[in-house]
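Just below is one structure, and these are the notes that go with it.
The values are calculated or read from the model by the stated rules, or taken from the named source; none is laboratory data. Everything numeric here is computed off the predicted structure, so don't read it as measured data. Cβ atoms come from the backbone with ideal geometry, glycine included; neighbour counts cover every protein chain shown. These area figures cover heavy atoms from the full protein model, side chains too; ligands, DNA and RNA do not enter into them. Shrake-Rupley method; radii C 1.70, N 1.55, O 1.52, S 1.80 Å.
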Amino acid sequence: MTVKLTVLSAVGSLVWGTLLAAMRVSPVPLLRGAGAAYVNIVRNIPLTVIIVFSSLGLADIFGVTMGTDNFDIQGFRLAVLSLAAYHSAFVCEALRSGINTVPVGQAEAARAIGLSFSQTLRLIVLPQAFRSVITPLANVLIALTKNTTVAAAIGVAEAASLMKTMIENEAQTLLIGAVFAFGFVVLTLPTGLFLGWLGKRLAVKR
Amino acid sequence: MTEASVAKDAVAAAEELVVLKGVNKHFGALHVLQDIDLTIARGEVVVVIGPSGSGKSTLCRTINRLETIDSGDISIDGKPLPEEGKALARLRADVGMVFQSFNLFAHKTVLENVMLGQIKVRKADKKAAAEKARTLLDRVGVGTQADKYPAQLSGGQQQRVAIARALAMDPKVMLFDEPTSALDPEMINEVLEVMQQLARDGMTMIVVTHEMGFARSAANRVVFMADGRIVEEAVPDQFFSNPRSDRAKDFLSKILHH
């Protein structure tokens, strides 16, 4: 459950974060403002608040059912939505710093051969920006993996809620805690190492 | 407007490829371009020279609107420069540009660099684009480097790839913004030779440079700029042997006699 939650939220936050970054560097002031407002609001709200709001606020008050009546599935989908919404703000900022590492000349050359703004961003700037932010993105991904535990707050049966149940049933608190902590290290350590290696390998040589 | 003047304008438009009229630009308090009037005919090679900070690079960059202007008119092939958006992108595709720092796309191979514009802007199919790219790379003498990345090439090779990339769009006019200023002395010639070949083939070129040898041998006209103004325009022989303005005399005396 934790892995599924992580993968889906990671994909969601990467896509939405990239769009946000594109908004924040766009020539349209309205988009820039909207992107900046989103990032500054969302990244400054605790994840727990966002997730609890998604469950109590979105689902219970506004009746957002995420296309299902099953309470467990609904909770899972809300958790993915919240995690993606929250981490996309960090993805956006990492990418934006990556965009700043791409020399202005690259975009100028792209515009000079007649590429449009979105083509310049998609074909020239973002591919180079992504390569330079793989390591910081690994940070976000690791944080995301661990933050999935917050989904326990709205009753999603991921690792932390599983651990809570087990500790309540067994007496081996320390052992169970250690096993789950180790489980997370097993998930995140290879992710970090792999992405670090990938970042070095794909780095754009100038 | 009378019919006669319309007809005359139409003829003029065919001859005059790039026309700048009363162009002004400020960087903050600095008036970098002051009432620039300049007309470049089809097939003409114009070399812009002048001391640093005289606005010659800025002038070059305004022609494809990498720099906006505050007032005045610029038209290319009879059409005024569009403000933004698709029309501007279309115009830029017709105006080749070569930069001082090459600006090859660092994450793409040499071949991909030359193919990209053809595929994405001209909508050419991949095979035709690759073929044309290889022909152009051969023409500028870097055909054997096609599958390398820009960082693996010398500066002179990179700049020649950049010229091929611009040529791949079949531009009406080529802008060169100090194309040899970032190169080692021994690499300057290989780039200049490609540019001279282009000039001989009848390409319309606007070249900002410090290479006086190139100005002498390839230019139809030399434009001398200082402090944001065009101080003098003349054919190269006349300009180098007998400059009219004091500013040009002073400039030439500093660079020609060591």
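Observations, loosely collected:
A quick yes/no check of all residues on (1) at pLDDT 80 or above; (2) under 26 Å from A:G192 (Cβ atoms):
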{"residue": "A:N139", "(1), (2)": "yes, yes"}
{"residue": "A:I142", "(1), (2)": "yes, yes"}
{"residue": "A:T145", "(1), (2)": "yes, yes"}
{"residue": "A:T148", "(1), (2)": "yes, yes"}
{"residue": "A:A152", "(1), (2)": "no, yes"}
{"residue": "A:E158", "(1), (2)": "no, yes"}
{"residue": "A:L162", "(1), (2)": "yes, yes"}
{"residue": "A:N169", "(1), (2)": "yes, no"}
{"residue": "A:L175", "(1), (2)": "yes, yes"}
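- Within the stretch B:119-146, being closer than 23 Å to B:L175 by Cβ and open to solvent by 10 Å² or more (accessible area, probe 1.4 Å) holds for B:I119, B:K120, B:V121, B:R122, B:A124, B:K132, B:T135, B:L136, B:R139, B:G141.
- Remark: A:T191 matches the filter, which requires a residue to be in contact with a helix residue (DSSP H, G or I) (Cβ under 8 Å, 6 or more places away or on another chain) and either loosely packed, with under 14 Cβ neighbours inside 10 Å or among the polar types (S, T, N, Q) (or both).
- Residue within the stretch B:148-157 that is under 20 Å from B:I40 (Cα atoms), in contact with a Ser or Thr (Cβ under 7 Å, 6 or more places away or on another chain) and either among the β-branched types (V, I, T) or open to solvent by 60 Å² or more (accessible area, probe 1.4 Å) (or both) present: no
- Top-ranked residue in the stretch B:69-99 [being more than 9 Å from every other protein chain (Cβ to nearest Cβ) and free of Cβ contacts under 8 Å to residues at least 40 places away in the same chain; ranked as surrounded by the fewest Cβ atoms within 10 Å (Cβ to Cβ)]: B:E83
- Residue match in the stretch B:173-182 (condition: buried (at least 18 other Cβ atoms within 10 Å of the Cβ), in a helix (DSSP H, G or I) and at negative phi): no
- Taking the stretch A:1-117 as the region of interest, the helices (runs of 4 or more DSSP H) fully inside it that hold 3 or more residues being open to solvent by less than 50 Å² (accessible area, probe 1.4 Å) and under 30 Å from B:P82 (Cβ atoms) are A:2-25, A:29-42, A:104-112.
- Inter-residue pairs, beta-carbon under 7 Å, first free of Cβ contacts under 8 Å to residues at least 60 places away in the same chain and in the stretch A:1-30, second buried (at least 18 other Cβ atoms within 10 Å of the Cβ) and not β-branched (V, I, T), 6+ apart: A:M23/A:G35
- Test: residue in the stretch B:126-137 that is more than 12 Å from chain A (Cβ to nearest Cβ), in a loop (DSSP other than H, G, I, E, B) and free of Cβ contacts under 8 Å to residues at least 12 places away in the same chain: no
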